[in-house]
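Coordinate-derived values only; no laboratory data. All figures in this text were calculated on a predicted structure; none of them were measured in a lab. As a convention, Cβ positions derive from the backbone with ideal geometry for all residues, glycine included, and neighbour counts pool all protein chains shown.
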Amino acid sequence: MNLRTITRPAVEPITLEEALRHLEVDYGQHDSPPGDPATYYQADLVSELISAARAHAEDFTERCLAEGTFELRLDAFASVISLPKAPVQSIVSIMYIDSDGAEQTLDPAVYTFDDNPDAPAVRLAYDQTWPATRSEANAVRIRFVAGFQAASSPPNPVPPQIKQALLLIIGHLHENREDSSAAKLEPIPLGAQALLRPLRLHMGV
């Protein structure tokens, strides 16, 4: 499988303000103007912890938790093409190299998008056939948008249990941010794992 990241998430599932509130940072003791969390104390650190927590939760659940654009590259078409990210919001385009070596855009009437939140896929539409492609690597390129949307951007918001798990992980990382022999980093909170485990795409230990 050849998967490329086209655009990385621009909006995290947890806002800086939500994380600072969870960490009980006292806004009043700082000189920053109210209403602008980007200027609060530890803002840069907490922003990094948000991204780290999201990456950990994505590894654990095998889901895409923040909206981004990806491209799956294949050597040829198949009747059912499973997409390696979930959930998938939409198919941006399907490009292919035809038998003459020219790049073509596939007509959307040829395929259907199965938006199953646990197993998204591109399927050959009824009474359609895939076009012939040149026999070469990456002759087919499927570009799609995957990931939960920010709470202000329905209809596919981040599930509340994921947000709560992320806050627990952020708190844990913040508490154990010093890496030294005097402070052993404890495992990620069991509470976060309990919240995330039912959402795993492939159940495991």
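Quick notes on this structure:
- Ascending count of other beta-carbon atoms within 10 Å, so fewest first, for TYR126, TYR111: TYR126, TYR111
- A cut-off under 13 angstrom between Cβ atoms defines the neighbours of VAL145, and their net charge, with Lys, Arg +1 and Asp, Glu -1, is 0.
- Leading residue at positive end of dipole, region 68-146 (Cβ point charges), from ALA132, ILE81, PHE144: PHE144
- Cβ-derived FRET efficiency at R0 30 Å, GLU48 paired with GLN104, nearest 0.05: 0.10
- Along region 124-135 the Karplus relation, 6.51 cos²θ - 1.76 cosθ + 1.60 evaluated at θ = phi - 60°, assigns HN-Hα couplings of 5, 5, 4, 6, 10, 10, 5, x, 5, 10, 5, 7 Hz to successive residues, with x for each Gly and Pro.
- Over all other residues within a Cβ to Cβ distance under 15 Å of ASP98, the charged ones net out to -3, with Lys and Arg as +1 and Asp and Glu as -1.
- Lys, Arg +1 and Asp, Glu -1 on Cβ, resulting dipole of region 68-146 about Cα centre, debye, nearest 20: 200 debye
- Protection proxy ranking for 74-81, 54-61, using the average of other Cβ atoms within 10 Å per residue and placing the highest first: 54-61, 74-81.
- Rounded to whole Å, the principal axis extents of the Cα atoms in region 72-167 read 52, 27, 19, largest first.
- Given charges at Cβ of Lys, Arg, Asp, Glu: region 68-146 dipole, positive-most of GLY68, GLY101, ILE91: GLY68
- Cut-off 14 Å between beta-carbons: net charge of the residues surrounding GLN164, Lys and Arg +1, Asp and Glu -1: +3
- Extension gain, SER93 to ASN138: 0.36 nm times the residue separation minus the Cα-Cα distance gives 14.7 nm.
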